[in-house]
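K.L.:
Once you've had a glance at the structure underneath, I'll fire off some questions.
The values are calculated or read from the model by the stated rules, or taken from the named source; none is laboratory data. No experiment lies behind these values; they were computed from the predicted model shown. Heads up, the Cβs are rebuilt from the backbone with ideal geometry, glycines too, and the neighbour counts pull from every protein chain shown.
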Amino acid sequence: MLDKEPRQVVDEFINYTNRAGSGENVDPFGAFHEDITWTMTGNTPISRTYRGLDDIRNNIGLAMATQFKTGRGYGIYPYQYINAGNRIVVLAKARGQSAKGIPYRNSYFFLFEMKDGKIYRAVECYDGSHVMMCPFDMHLEESPVSS
């Protein structure tokens with residue numbers, strides 16, 4: 001039996017994230033299990049598996065704090081949930097702005113697994129090219145076509 005329904009835990013995470021994104025002094029990782037494993041897919045500088053709450057705070061938390069501005073309405077906005085036992089898939093859109101003022105509008109696929117009423121495992125899929133252009137301020141261009 002679960003302490004909380006997965007949707008409740010995810011909504012708690014989203015609430016914390018959005019409040020932090022709007023500039024409120026709140027712990028965006030308050031819904032995470034101490035032994036969380038969080039995998040960010042892709043080939044961006046932040047793509048890897050983070051192990052434990054300290055690793056997430058020291059890396060993802062620091063990146064978010066330095067690479068993004070806070071502002072009203074900034075955060076993650078789910079539009080579909082698919083629940084199965086202690087796992088839940090969340091499709092979401094993000095809204096924000098990089099520290100250099102570049103608008104951030106990304107799409108996300110999250111897979112969350114719960115343990116002890118907290119998020120214990122997560123896989124985060126997103127548009128890596130948008131991540132490279134917005135918070136990492138990289139210019140991407142089409143490669144030349146060879147004949």
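K.L.:
So which residues in the stretch 45-100 are among the aliphatic types (A, V, I, L, M) and touching a Pro at 6+ places or on another chain (Cβ under 6 Å)?
P.N.:
If the condition is that a residue be among the aliphatic types (A, V, I, L, M) and touching a Pro at 6+ places or on another chain (Cβ under 6 Å), then Ile88, Val90, Ala92 are the ones that fit.
K.L.:
Working only within the stretch 14-34, note down all residues that are touching a strand residue (DSSP E or B) at 6+ places or on another chain (Cβ under 6 Å) and part of a helix (DSSP H, G or I).
P.N.:
Listed by number, the residues that qualify are Ile14, Thr17, Asn18, Gly21.
K.L.:
To continue, here is another question. For Ile102, indicate whether it is free of Cβ contacts under 8 Å to residues at least 60 places away in the same chain and closer than 15 Å to Ala122 by Cα.
P.N.:
No, not satisfied.
K.L.:
Okay, next question. Residue by residue through the stretch 7-45, note down the ones that are touching a Leu at 6+ places or on another chain (Cβ under 9 Å) and of a type in the set (D, E, K, R).
P.N.:
Glu34, Asp35
K.L.:
Can you tell me which of Ile88, Ile82 is assigned to a strand (DSSP E or B), closer than 12 Å to Val10 by Cβ, free of Cβ contacts under 8 Å to residues at least 12 places away in the same chain and over 11 Å from the mean Cα position of the chain (by Cα)?
P.N.:
Unique residue meeting the criteria: Ile82.
K.L.:
Mind counting the residues in the stretch 46-78 that are exposed (fewer than 14 other Cβ atoms within 10 Å of the Cβ) and either farther than 16 Å from Lys118 by Cβ or basic (Lys, Arg) (or both)?
P.N.:
Residues flagged as exposed (fewer than 14 other Cβ atoms within 10 Å of the Cβ) and either farther than 16 Å from Lys118 by Cβ or basic (Lys, Arg) (or both) within the stretch 46-78 amount to 10.
K.L.:
Could you go through the stretch 22-36 and let me know if any residue there is out of contact with any helix residue (DSSP H, G or I) (no Cβ under 7 Å at 6 or more places or on another chain), in contact (Cβ under 8 Å) with a residue 24 or more places away in the chain, hydrophobic (A, V, I, L, M, F, W, C) and surrounded by 15 or more Cβ atoms within 10 Å (Cβ to Cβ).
P.N.:
No, because not a single residue in the stretch 22-36 is out of contact with any helix residue (DSSP H, G or I) (no Cβ under 7 Å at 6 or more places or on another chain), in contact (Cβ under 8 Å) with a residue 24 or more places away in the chain, hydrophobic (A, V, I, L, M, F, W, C) and surrounded by 15 or more Cβ atoms within 10 Å (Cβ to Cβ).
K.L.:
With the structure loaded, tell me whether Arg57 is in contact (Cβ under 8 Å) with a residue 24 or more places away in the chain and among the basic types (Lys, Arg) or whether it fails that test.
P.N.:
yes
K.L.:
Let me ask something additional. Taking into account only those residues within the stretch 115-139 that are under 17 Å from Thr17 (Cβ atoms) and among the aliphatic types (A, V, I, L, M), which is modelled with the lowest pLDDT?
P.N.:
So the residue we want is Val131.
K.L.:
Then there's this: Could you run through the stretch 93-114 and say how many residues are under 24 Å from Glu5 (Cβ atoms) and surrounded by fewer than 16 Cβ atoms within 10 Å (Cβ to Cβ)?
P.N.:
Number of matching residues: 3.
K.L.:
It is to be established whether one or more residues within the stretch 58-76 are under 15 Å from Ser22 (Cα atoms), part of a loop (DSSP other than H, G, I, E, B) and hydroxyl-bearing (Ser, Thr, Tyr).
P.N.:
yes
K.L.:
Going residue by residue through the stretch 3-21, is there one that turns out to be in contact (Cβ under 8 Å) with a residue 40 or more places away in the chain, farther than 25 Å from Asp116 by Cβ and within 15 Å of the chain's Cα centre (by Cα)?
P.N.:
Yes, there is a match, as at least one residue in the stretch 3-21 is in contact (Cβ under 8 Å) with a residue 40 or more places away in the chain, farther than 25 Å from Asp116 by Cβ and within 15 Å of the chain's Cα centre (by Cα).
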